[in-house]
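Encoded as structure tokens, the structure appears first; notes follow it.
What follows draws every value from the coordinates through simple rules; no lab data is involved. Just so it is clear, the model here is predicted, and its values are computed rather than measured. Note: ideal-geometry Cβ built from the backbone for every residue, glycine included; neighbour counts use all protein chains shown.
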Amino acid sequence: MKYINQIFTITVLTLFFATASVAKTPLTKGMRITKSTTIKEGVYFIEAESSLSSPVIVVEGNNITIDFNGAELCGSNNKAFPDEFKGLAILIKGNNVTLKNAVIKGYKVAVMAQNSDALKLSNNDFSYNFRQHLKSTREREDYSDWQSYHNNEKDEWLRFGAGIYLSNCNRATIFNNTISNGQCGLMMSSCNDAIIYNNNFSFNTGIGIGFYRSSKNKVMHNKVDWNVRGMSDGFYYRGQDSAGILIFQQCNNNVFAYNSVTHSGDGFFMWPGKTTLDNGTGGCNDNLLYGNDFSFAPTNGVEITFSRNNVVNNIMHGCWHGIWGGYSYETNIIGNDFADNMEGIAIEHGQNNRISQNRFQREGLAINLWASEKIDTTLGYNKNRDVHSMDYQITKNSFEHSKNVFSIRNTKRLNIADNYFLGNAKLMNADVGVEKMNFFNNDLIASPVQDAATILSYAPKPIAEGMNTMLPKGFPKGRKAMMMTEWGPYNFSYPMIWWTKTDSDGKIYFDVMGPKGNWKLKKAKGVKIISENKGSIPAQMIVQKEDSSEAITDILIDLEYTGEKFISEFGEMHSEGKPVVFSYKKFELHTPWELKWYKINDTNDPIKQPEAYQKLLQQKPIKTGVFKELQTDLWKNDKTYKDLSTENYVEIATTKVSTPNEENYTLGISVAYAVKVYVDDKMVINIDDLSQLVYDADYYHEAKIRLTKGTHTIRIERMQYGNYDLLNFYFAPTQKK
């Protein structure tokens with residue numbers, strides 16, 4: 001017995017000293033990790049270099065596990081301006097590397113891995129990293145917010161930042177990670193055979209999950225909701241290239257199953273790539289979309305074009321299009337649930353597609369099939385393939401209470417059979433060019449029974465520990481639940497004042513939203529409160545604008561919240577019971593603009609011939625006008641100006657602004673071509689190198705200026721060389737850091 005006790009004592013001591021000898025490593029700037037490491041707990045503020053080629057930390061080697069142990073790596077203390085976040089936190093180079101339990105925020109990119117096979121990322125939180133400052137407002141879209149992910153041959157996607165960016169990494173396993181309140185979640189380029197499950201990539205302004213030249217990956221049981229921009233209910237629904245899941249350029253044989261991908265610009269956005277469009281070969285083929293919820297996309301629940309795919313047993317409610325399938329061929333659309341879409345399925349120039357066992361309810365138009373009357377053979381794809389709309393099997397579907405069921409144009413060889421119709425306003429609009437359409441055995445007494453065996457034959461085996469991803473009962477949903485701030489979609493977790501409408505008499509209505517708690521008025525400028533000035537959340541507040549005739553709208557409403565703990569829009573934790581101020585601000589000019597238009601050509605081009613251009617401005621303009629706002633629609637929709645050229649002209653816009661105090665102001669403008677902006681005859685913006693206007697974001701320009709109290713003159717010279725007519729002007733006090 002004594003011998004046994006001695007062995008036990010020695011064993012315990014050995015384990016104690018072995019455990020004690022495992023040192024935890026603190027994080028330092030420039031450190032290189034080449035062996036398995038546990039990071040010392042704590043919060044590390046380490047500023048990154050601007051270049052992504054100079055990471056804060058490099059992990060290099062094979063068969064390494066880095067356990068961050070809950071440590072938090074923060075790249076910027078300036079949490080109010082995430083568009084200024086810079087640099088790369090961690091670069092991974094090596095095979096069979098595991099990174100787990102990390103919190104990384106405040107960087108352009110949290111984690112990048114290059115040529116790293118068998119990478120494993122688990123239980124990490126890469127939220128609150130880079131995101132662009134959106135210029136679109138509630139009432140007006142700004143085209144400079146469009147993104148464009150169509151090319152990534154040289155890692156162009158990195159300009160948008162990412163929580164995770166993988167390049168040439170095969171067989172990755174990515175699970176239980178969270179990326180929210182950034183721009184892009186997980187972005188993968190030339191990565192194959194990954195398993196991606198149980199992640200939450202939601203409430204971002206760009207992309208939840210993005211693939212480029214990536215195939216044979218499994219994306220299952222993920223929450224990928226509210227990856228959206230370019231949406232304002234009642235005003236515009238554009239999406240601006242945002243998506244829950246995006247696959248571009250020759251991505252094949254991927255599986256997307258059991259994911260919630262709601263309230264995103266497109267739920268699923270697929271584009272085959274320039275190679276396919278140029279010569280008609282390849283595409284993004286043989287991908288399976290099964291058992292996902294793609295509802296409430298501002299644009300398309302599923303966009304699949306120029307390719308062959310399977311879309312089975314998914315939900316698509318409340319979208320512009322449930323499925324946009326332009327040029328799709330040999331695609332199976334089976335057993336899906338469509339409801340409350342403007343159009344259920346829209347396919348132009350499609351061939352050999354099967355639409356079967358789907359249910360359509362309350363659609364504006366259930367199925368829209370068409371082709372151009374004359375094929376444009378100047379396009380490479382059209383030149384190399386037969387792109388007539390033809391050979392559809394539309395069988396065993398249920399169409400209920402829709403405004404229109406079918407719209408078919410320039411399409412041949414359709415078999416429409418064994419479908420059920422109930423309470424639809426209009427059944428068929430078969431327009432010009434419809435040939436050989438067989439319509440038989442429809443109007444069945446009972447709704448067709450789904451062939452479960454056919455649907456289940458497509459079903460991928462769920463992952464054993466796969467989570468239930470569907471939105472919980474009672475959680476906000478629908479198009480009105482996409483509420484865009486200047487930094488992205490509202491995530492319902494922090495207090496917010498949300499403008500709902502303004503009456504003609506100047507009454508302004510707000511919803512007071514957020515976690516459970518109480519609110520009260522702290523301060524109001526430019527309005528008076530005519531409803532209750534305190535209460536519990538949720539609530540409605542009504543104010544009256546003090547003077548609608550003022551040339552400047554300058555409204556500030558400060559409310560104070562007391563209640564549950566919450567995380568702010570920028571990732572700051574606020575404790576329970578601590579008062580926090582949240583605000584609504586609106587600053588707008590209502591000064592008249594005097595406009596003059598001049599025709600330009602090579603002899604008086606403002607950039608190439610500045611002297612001749614100045615002489616042109618001394619001549620009589622071709623048109624003049626005075627407008628209440630600087631909005632192109634005001635003169636485009638006025639027949640007096642219908643003969644204005646759409647290109648090769650200069651537009652001179654002038655207004656006077658009276659500032660009440662000496663203050664710093666931000667002046668911004670979005671234009672498609674060259675522009676000069678003057679304040680009191682001093683040039684503050686000069687854009688004259690069109691070669692620098694590469695991406696949509698390049699169309700926005702701004703200047704920060706200090707103005708004294710008094711009247712100031714703003715003059716804008718906009719050079720319009722083409723027919724892309726973009727003009728948005730901003731003027732407001734500079735936000736304080």
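State, as an integer percentage, the relative contact order of segment 593-733 based on alpha-carbon contacts under 8 Å between residues 6 or more apart. Walk me through the numbers before you get to the answer.
Values: 279 pairs, mean separation 43.9, N = 141.
Relative contact order for segment 593-733 comes out at 31 percent.
Once you place label points 7 Å from the Cα toward the Cβ at GLN619 and ASN429, how far apart are they in nm?
So the label points at GLN619 and ASN429 sit 4.8 nm apart.
Starting with the fewest neighbours, write out GLU72, GLU139 ranked by other beta-carbon atoms found within 10 Å of each beta-carbon.
In increasing order of surrounding Cβ atoms, one gets GLU139, GLU72.
Provide the descending list of Cα extents for the chain along its principal axes, expressed in whole angstroms.
So the extents along the principal axes, rounded to whole Å, are 109, 72, 58.
Would you mind working out the magnitude of the charge dipole of segment 598-663 relative to its Cα centre, with +1 at each Lys and Arg C-beta and -1 at each Asp and Glu C-beta, to the nearest 20 Debye?
380
Counting other beta carbons within 10 Å of each residue's own, what order do ASP145, ASP554, ASP266, ASP505 fall into, fewest first? Kindly include the intermediate steps, with their values, before the conclusion.
On the way: ASP145 24, ASP554 16, ASP266 29, ASP505 8.
Listing ASP145, ASP554, ASP266, ASP505 from fewest to most nearby Cβ atoms yields ASP505, ASP554, ASP145, ASP266.
Express the relative contact order of the chain as a whole percentage, based on alpha carbon pairs under 8 Å and six or more residues apart in sequence.
The normalised contact order for the chain reaches 6 percent.
Under a plain spin-label model, where a point goes 7 Å from the Cα along Cα-to-Cβ, how far apart in nm are SER493 and LEU422?
4.1
Where the only charges are on Cβ atoms (+1 Lys, Arg; -1 Asp, Glu), what is the dipole of the chain about its Cα centre, to the nearest 20 debye?
I would put it at about 1280 debye.
Pull out the extension gain between ASP376 and THR454, defined as 0.36 nm times the separation in residues minus the alpha carbon to alpha carbon distance; nm, one decimal.
Gain in length upon complete extension: 24.3 nm.
Looking only at the chain, where both bridge partners belong to it, what percent of the DSSP beta bridges are antiparallel (to the nearest 5)?
Looking only at bridges with both residues in the chain, the antiparallel portion is about 40 percent.
What whole-number distance in Å separates the alpha-carbon centres of segment 542-580 and segment 659-737?
Comparing the Cα centres of segment 542-580 and segment 659-737, I get a distance of 28 Å.
With each label point set 7 Å from Cα along the Cα-Cβ vector, what nm distance links ARG159 and ASN468?
Result: 4.4 nm between the two label points.
Which length gain, in nm to one decimal place, applies between TYR695 and LYS636 when the Cα-Cα distance is subtracted from 0.36 nm times their residue separation? Spell out each step's value before the answer.
Numbers: separation 59, 0.36 × 59 = 21.24 nm, distance 2.58 nm.
Extending this stretch completely gives an extra 18.7 nm.
By how many nm would the segment from MET683 to THR708 grow when fully extended, if each residue of separation counts as 0.36 nm and the alpha-carbon distance is taken off?
Here the segment from MET683 to THR708 would lengthen by 7.3 nm.
Ranked by Cβ crowding within 10 angstrom, fewest neighbours first, how are PHE81, PHE203 ordered?
Placing the least packed residue first, the sequence is PHE81, PHE203.
Once R0 is set to 25 Å, what does the formula 1/(1 + (r/R0)^6) return for the Cβ-Cβ distance between GLN544 and GLU486, expressed as a FRET efficiency to the nearest 0.05?
Efficiency, from the Cβ-Cβ distance: 0.50.
For the chain, what is the mean residue ellipticity at 222 nm derived from helices alone (per DSSP H run of n ≥ 4: -39500 (n - 2.57); sum divided by total residues; nearest 500 deg cm²/dmol)?
Value at 222 nm, helices only, nearest 500: -1500 deg cm²/dmol.
Using amide H atoms built in the peptide plane, which far-off residues or other-chain residues are under 5 Å from LEU246 H to H?
When sequence neighbours closer than 5 places are left aside, the close amide H contacts are ILE209, GLY210, PHE211, PHE269.
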